[in-house]
Amino acid sequence: MKRKNDGGQQAADNANNKVGTPANNAAGKPNARGPRKIKKAVLASMVVEFLQQHPKQSFNYKQIAFGIGVDHPAKRIDVINVLDELAASDDIQEVDLGKYRAKANRGTEGVGYFIRRSNGKNAVVVDEEQIMVAERNSMHALNGDKVRVVVSAARKGQDPEARVIEIIEAKEQQFVGTIKLDKNYAALVTDSKFLAADIILNRKSLKGGKNGDKAVARITCWRDDEMNPRGEVIDILGAKGENNAEMHAILAEFGLPYKYPENVEKAAQRISDQITEEEISKREDFRNVTTFTIDPRDAKDFDDALSIRQLANGNWEVGVHIADVTHYVKPGSVIDKEAQKRATSVYLVDRTIPMLPERLSNGICSLRPDEEKLTFSAIFELDQKANVINSRIGRTVIKSNRRFTYEEAQQIIETGEGEYARELAALNGLAKELRRRRYQAGALEFDRAEVRFEIDETGKPISVYFKESKDANKLIEEFMLLANLTVAESVGKVSKNKKAKTFVYRVHDNPDPEKIGNLSLIASRFGYKLTTDGSSREVNKSVNRLLRDVKGKGEENMLSILAIRSMAKAVYTTDNIGHYGLAMPYYTHFTSPIRRYPDMMVHRLLAKYAEGGRSVDKLKLEDECKHDSDMEQLAANAERASIRYKQVEYMKDRLGEIYEGVISGVTEWGFYVELDESMCEGLVPIRDLADDYYDLDEKNYCLIGRRKGVKYTLGDRVRVQVARADLERKQLDFALIDDKGNPNRPLEQRKPGKRHEAKRGKRKSSKR
């Protein structure tokens, strides 16, 4: 798709004909008091950049002077002198007497992807190298556009710069913001971190939008001679500040869908929920085996169930039964195409945006109690010490006996009383042994809490609680891990003389050695020894030992945060490198096809290969894996954005109140503090630390005062007061209580609220 950009010729005409408004001077302001001295080097740079912006045209000195904003007659002499010097040094071309143009083929051409930032620090990525692009040289390319650039050779002491000469492929994208209506114009004031300029809108095509409404728009045209792009409204989300509008705005911001296409919903309604005897006859029947689900209390899509029975030899048969989504969703169907595009369900604070229509996710495919359901299963025979004696994978039919919440299952595990107490006790014992061996093999033991909000009917957060991982949660996790490992091994683990068929793996790379080295260095300052050499098993065991040793100590937060940040991100790929964090040589995602498309891909591959099918095209499958990984990251970003929004909304009613917290991030603009009570994170701006001038020590993750030497280090405990809560930017600002200076916004001007004592929450591992 080519985005219209027709201002290049117009800008050149303006320079030739003196039509339009001259540019400001080098200082960025009109020169009303006569000529202002411009350094020769600055003037030369302005001339070269002007000519490069119009590479196909030639100009005389008057036109160039006008084009760069030098409108005083006395200064035109300087322009003439600079032009002579530039032409003599072959930096520009004198094509005719007194006529100049940009040097042909100046610099190296390349193709890359444009990075636009609202702070003006634009860049282009060419061959994995990031090169700066000034706004005036951007051709108004948008974030993600594929562009052709000319890279100028770096001057001494400066980084190279690039100039966009062609937008090869404009990325289809949309922007979220607030409609602003005035007498003479309409605009979308964007929330985007990729676009600083507002989008000018046609008043006749606002789709009923009013002043202050949240809306989604796209850019239709951005002329070279205009500061603002022009665009059109795609959708009206609702009034600014209204919960539904703000949640939809977050989804739209990340390019995620917030509603289902009508044709997909209709297709889902046409799918029959009847299970025929013929279909049952093709499957292993578990309908008379004790089976139940364990899920969060607000869950509606039950995509996994466990069955358990004791065999005659005393061993346990445990079945991990997964909703057979691919039985209902056929490849290439409208439902499949939509699921493939979405790749994942999105979990915001107050809602779930399902990957599949609700008729499938919450109805036909959901493993609800007392209903016959089709499943894809991994069945294990385990001895009393949780050793896998044998296993099999295949299609089954089940009938769940009971739906447990995690809380209900946990109570039965703890008390030994209640429905299926014996079965839950057996599963819990097996899970604990599986977990013990996994940690022994070198799996990481991160245990970081997840914050949850209790919200009212309007979506407003009224309280905060922590999601704790107890035995019931860990029980489910352990058997899902076992199933995923077994499925991955069934395809990927072959004899040396055989080549494994193409498959989808969930991989986790080794941590960055530099980050692990930094962690080791900082840990040593507190007296802890961290192994950085040797096998991944040895390194992981060392990290786990560190995390156990720091429990309850002042440095716990700092070192646990650094340990998490040293780890790579898990992704989907066809190239198996194992899962570092789980210490598993083979791993995939098989257990959640209702909410993850890669799991559907795995189900289809298993079925295909079980029937003797040939290996699928690797390149095509890898492209799908890349898309799924990207969408997973977008969904995670949207989830975090919704949490930040609710955190700010929650704290907005608590301005002036005092809390305890820990420094969770250190930057050149200040440090971030995570509150103990709510895990809400806010910024203490460096400008408000008025007792000293602070410098960032990146290597040691701290700010250091120049005069007094006061340090604010990652992991430090501090007391802060809630100073500002900006919902639009999803940003909290804190003021440091023990700061002895005179901040820009003194605390004395705020009425102190009650002191909130710290409530420490348990830490829970991240999703794998």
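Values quoted throughout were computed directly from the atomic coordinates according to the rules given, and no laboratory measurement underlies them. Predicted model, so just to flag it, every value in this text is computed and none were measured. Positions of Cβ are backbone-derived with ideal geometry, glycine not excepted, and every protein chain shown enters the neighbour counts.
On the Cα set of region 175-240, report Rg and Dmax in Å, please.
For region 175-240, the Cα-based Rg and Dmax read 10.8, 33 Å.
List, in order, the whole-Hz ³J(HN,Hα) value for each residue of region 252-264 obtained from phi through the Karplus relation with A = 6.51, B = -1.76, C = 1.60 and θ = phi - 60°; use x for Gly and Pro.
Couplings: 5, 4, 9, x, 9, x, 10, 8, 9, x, 4, 5, 6 Hz.
Distances longer than 38 Å among the Cα atoms of the chain: what percent of all pairs is that? It would help to have the intermediate numbers written out before the result.
Working: 152955 of 294528 pairs.
Roughly 52 percent, rounded to a whole number.
Taking the inverse of the average 1/r across all pairs of different Cα atoms in region 114-189, what Kirkwood radius in Å do you get?
On the way: mean 1/r = 0.0718 Å⁻¹.
Here the Kirkwood hydrodynamic radius works out to 13.9 Å.
Measure off 7 Å from each Cα along the Cα-to-Cβ vector at residue 695 and residue 668, then give the distance between these two points in nanometres to one decimal.
Reported label-point gap for residue 695 and residue 668 is 1.4 nm.
Label residue 265 and residue 333 with points 7 Å out from Cα along Cα→Cβ: what is the distance between them in nm?
Using points 7 Å along Cα→Cβ, the separation is 1.8 nm.
If you line up the long axis of helix 471-492 against the longest principal axis of the chain, both from Cα atoms, how many degrees apart are they, to the nearest 10?
80
Would any residue of region 613-650 have its amide N under 19 Å from a label point 7 Å out along Cα→Cβ of residue 239? List them or say none.
Residues passing the 19 Å test: 649.
If we restrict to alpha carbons, what Rg and Dmax does region 419-534 come to, in Å?
Calculated on Cα positions, Rg and Dmax stand at 20.4, 62 Å.
For region 63-118, list log₁₀ I(q)/I(0) at each q in 0.27, 0.30 Å⁻¹, using the Debye formula over Cα point scatterers of equal strength and ignoring solvent, two decimals each.
For region 63-118, the Cα-only Debye profile gives -1.09, -1.24.
Kindly flag which residue pairs out of 183/646; 474/498; 300/626; 121/214 have an alpha-carbon separation exceeding 31 Å in this structure. Let's see the in-between values first.
Working: 183/646 35 Å; 474/498 36 Å; 300/626 29 Å; 121/214 27 Å.
183/646; 474/498, as the Cα separations exceed 31 Å there.
Alpha carbons only, please: Rg and Dmax for region 654-749, in angstrom.
12.5, 37
Could you give the length gained on full extension between residue 218 and residue 529, defined as 0.36 nm per residue of separation minus the Cα-Cα distance, in nm?
Details: separation 311, 0.36 × 311 = 111.96 nm, distance 5.37 nm.
Value of the extension gain: 106.6 nm.
Compare the peptides 560-567, 351-358 by average per-residue count of other Cβ atoms within 10 angstrom and give them in order, highest first. Walk me through the numbers before you get to the answer.
Numbers: 560-567: 18.5, 351-358: 21.2.
Result, highest mean Cβ count within 10 Å first: 351-358, 560-567.
Pairwise over distinct Cα atoms, reciprocal of the mean inverse distance: report the Kirkwood radius of region 510-551 in Å, one decimal place. Please report the intermediate quantities before stating the final value.
Details: mean 1/r = 0.0971 Å⁻¹.
After inverting the mean inverse Cα-Cα distance, the result is 10.3 Å.
List the residues, sorted by chain then number, that are 5 or more residues from residue 710 or on another chain and whose placed amide H is less than 5 Å from its amide H.
Hits under the 5 Å cutoff: 705.
Report, please, the projected area of region 270-441 averaged over directions, based on the convex hull of its C-alpha atoms, in nm². Walk me through the intermediate numbers first.
On the way: hull surface 48.7 nm².
Result: 12.2 nm².
So if R0 is 41 Å, what FRET efficiency would residue 708 and residue 42 give, r being the distance between their Cβ atoms, rounded to the nearest 0.05?
Working: r = 39 Å, r/R0 = 0.95.
E(calc), rounded to 0.05, equals 0.60.
Which ³J(HN,Hα) values in Hz, rounded to whole numbers, follow from the phi angles of region 623-635 under the Karplus curve 6.51 cos²θ - 1.76 cosθ + 1.60, where θ = phi - 60° and Gly and Pro get x?
4, 5, 4, 4, 4, 5, 5, 5, 5, 4, 5, 4, 4
Quick one: which residues, 5+ away or cross-chain, put their amide H under 5 Å from the amide H of residue 171? H built at 1.01 Å from N.
For residue 171, whose amide H was placed from the backbone, the distant partners under 5 Å are 145, 146.
With a bin width of 5 angstrom, please list the P(r) values of region 273-349 as percents of all Cα-Cα pairs, from the 0 bin to the one holding the largest distance.
Per 5 Å bin, starting at 0, the Cα pair percentages come out as 3, 10, 15, 18, 18, 16, 11, 5, 3, 1.
How far apart, in nm, are two points set 7 Å out from the Cα along the Cα-to-Cβ line at residue 94 and at residue 181?
Modelled inter-label distance: 5.9 nm.
Cα axis of helix 40-53 to longest principal axis of the chain: angle in degrees, 0 to 90, nearest 10?
The angle comes out near 70 degrees.
Using each residue's phi in region 559-572, evaluate 6.51 cos²θ - 1.76 cosθ + 1.60 at θ = phi - 60° and report the 3J(HN,Hα) Karplus result to the nearest Hz, with x for Gly and Pro.
In residue order, the calculated couplings are 6, 5, 4, 5, 4, 4, 6, 7, 8, 6, 8, 6, 9, 9 Hz.
How long is the gain from residue 415 to residue 272 if the chain were fully straight, where each residue apart is worth 0.36 nm and the alpha carbon distance is subtracted?
Working it through step by step, the gained length comes to 47.3 nm.
Grab the beta carbon distance between residue 111 and residue 494, set R0 = 45 Å, and tell me the FRET efficiency rounded to 0.05.
Details: r = 40 Å, r/R0 = 0.89.
Efficiency at R0 = 45 Å is approximately 0.65.
Hey, can you grab everything whose amide H is under 5 Å from the amide H of residue 731? Only 5+ residues off in sequence or another chain; H modelled, so Pro and N-termini drop out.
Amide H neighbours of residue 731, under 5 Å, 5+ apart: 726.
Which FRET efficiency value, to the nearest 0.05, is calculated for residue 677 and residue 347 with the Förster distance at 22 angstrom and r the Cβ-Cβ distance?
Values: r = 23 Å, r/R0 = 1.06.
Step by step, r from the Cβ atoms, then E = 0.40.
What is the extension gain from residue 203 to residue 626, computed as 0.36 nm multiplied by their sequence separation minus the C-alpha to C-alpha distance, in nm to one decimal? Show your work: numbers first, answer last.
Values: separation 423, 0.36 × 423 = 152.28 nm, distance 4.01 nm.
Length gained between residue 203 and residue 626: 148.3 nm.
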